[in-house]
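> Have a look at this one before I ask anything.
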Amino acid sequence: MYLVFEYMEHYLAGLSSCLDLKLTNPQIKCYMHQLLSELEHCHSHNIIHGDIECANLLVNNEGILEVSDFGLANTWNPDLWSVGCVLAELFLGKHLLQGRTKVEQLHKIFKLCGSPPDEFWRNSDLPHATVFKPQRFYVNCIKETFECLPDGALRLLETFLSLVPNNCGSASSALSSEDSVVCM
């Protein structure tokens, strides 16, 4: 199957990392609202994108954002972890939690978001889960790390980056939340 999209002049990774261009809060608000709206549509049809990242978000010169690269899309229960990473990257202007290996990636996540609860490891279907379990206990430090974010954006980020899937919320709940109004 081939998907054909209209021509988009930019991708969000290029815009957010451009040293000459600092995205404003209203621009980030607009992009995040569009992203959540598109994900809400996908999730309402039980489709999860599977690869939401700034490099897969296209933007035209009018500021319209479109999600691209559905190569990893699947049917699934939606979570918003990747949306949290996009939100943080838009404010930071650089990648968040980029590891060279899967184990390094997980430990970067644990250092930021805290160690997963013990029931996570008991209920995990990860093969050899003990290899990934951190040797020490990490405390969540999202608030301290992103203290420069507006309060609404910080609360959304804490929700999106929850290690407990049921606490990550949905695109619909994010769009209708009070924090969404403040941040988005």
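The values are calculated or read from the model by the stated rules, or taken from the named source; none is laboratory data. Please read all numbers here as calculations on a predicted model, not as lab measurements. Positions of Cβ are generated from backbone atoms using ideal geometry, with glycine treated the same way; all protein chains shown enter the neighbour counts.
> Residue check, L65 against (1) modelled with pLDDT of 80 or more; (2) out of contact with any Phe, Trp or Tyr (no Cβ under 6 Å at 6 or more places or on another chain); (3) aliphatic (A, V, I, L, M), all met but one. Which one?
Result: L65 passes all but (2).
> Restricting attention to the range 6-36, and to residues there that are polar (S, T, N, Q) and surrounded by 17 or more Cβ atoms within 10 Å (Cβ to Cβ), which single residue is modelled with the lowest pLDDT? Full working, then the answer.
Residues of the range 6-36 polar (S, T, N, Q): 16-17, 24-25, 27, 34.
From what's left, surrounded by 17 or more Cβ atoms within 10 Å (Cβ to Cβ): 16, 34.
Numbers: S16: 85, Q34: 94.
Only one residue tops the list, namely S16.
> Give me the residue from the range 130-173 that is among the aliphatic types (A, V, I, L, M) and at pLDDT 85 or above and, out of that set, farthest from H43 (Cα to Cα).
Checked the range 130-173; the qualifying residue farthest from H43 (Cα to Cα) is V139.
> Need the failing condition index for G50 against (1) in contact with a Cys (Cβ under 9 Å, 6 or more places away or on another chain); (2) of a type in the set (G, A, S); (3) modelled with pLDDT under 90, just the number.
Result: G50 fails condition (1) only.
> Kindly indicate the residue of the range 149-174 that is in contact with a His (Cβ under 9 Å, 6 or more places away or on another chain) and buried (at least 17 other Cβ atoms within 10 Å of the Cβ) and also nearest to K29 (Cα to Cα) among those meeting that condition.
By that ranking, first place goes to A171.
> So which pairs qualify, if the first residue must be in the range 1-28 and within 17 Å of E89 (Cβ to Cβ), the second must be surrounded by 10 or more Cβ atoms within 10 Å (Cβ to Cβ) and of a type in the set (D, E), the Cβ gap must be under 7 Å, and the two must be at least 6 apart or on different chains?
Sorted first by the residue in the range 1-28, then by its partner, the pairs are S16/E89.
> I need a count of the residues in the range 82-103 that are outside any loop (DSSP other than H, G, I, E, B), surrounded by fewer than 18 Cβ atoms within 10 Å (Cβ to Cβ) and at pLDDT 85 or above.
Residues in the range 82-103 being outside any loop (DSSP other than H, G, I, E, B), surrounded by fewer than 18 Cβ atoms within 10 Å (Cβ to Cβ) and at pLDDT 85 or above: 1 in total.
> Here's a follow-up. Considering only residues that are of a type in the set (D, E) and part of a loop (DSSP other than H, G, I, E, B), look in the range 39-55 and name the one that is surrounded by the most Cβ atoms within 10 Å (Cβ to Cβ).
E53
> Report yes if N77 is out of contact with any Phe, Trp or Tyr (no Cβ under 8 Å at 6 or more places or on another chain), at pLDDT below 85, surrounded by fewer than 15 Cβ atoms within 10 Å (Cβ to Cβ) and in a loop (DSSP other than H, G, I, E, B), otherwise no.
Here the answer is yes, as N77 does meet what is asked.
> When the residues of the range 56-72 are narrowed to those that are without any contact (Cβ under 8 Å) to a residue 60 or more places away in the chain and either over 15 Å from Y7 (Cα atoms) or exposed (fewer than 15 other Cβ atoms within 10 Å of the Cβ) (or both), which ends up nearest to the chain's Cα centre (by Cα)?
Narrowing the range 56-72 to residues without any contact (Cβ under 8 Å) to a residue 60 or more places away in the chain: 56-65, 67, 69, 71-72.
Keeping just the survivors that are either over 15 Å from Y7 (Cα atoms) or exposed (fewer than 15 other Cβ atoms within 10 Å of the Cβ) (or both) gives 60-64, 71-72.
Numbers: N60: 21, N61: 23, E62: 23, G63: 20, I64: 19, G71: 18, L72: 16 Å.
Per the criteria, the residue is L72.
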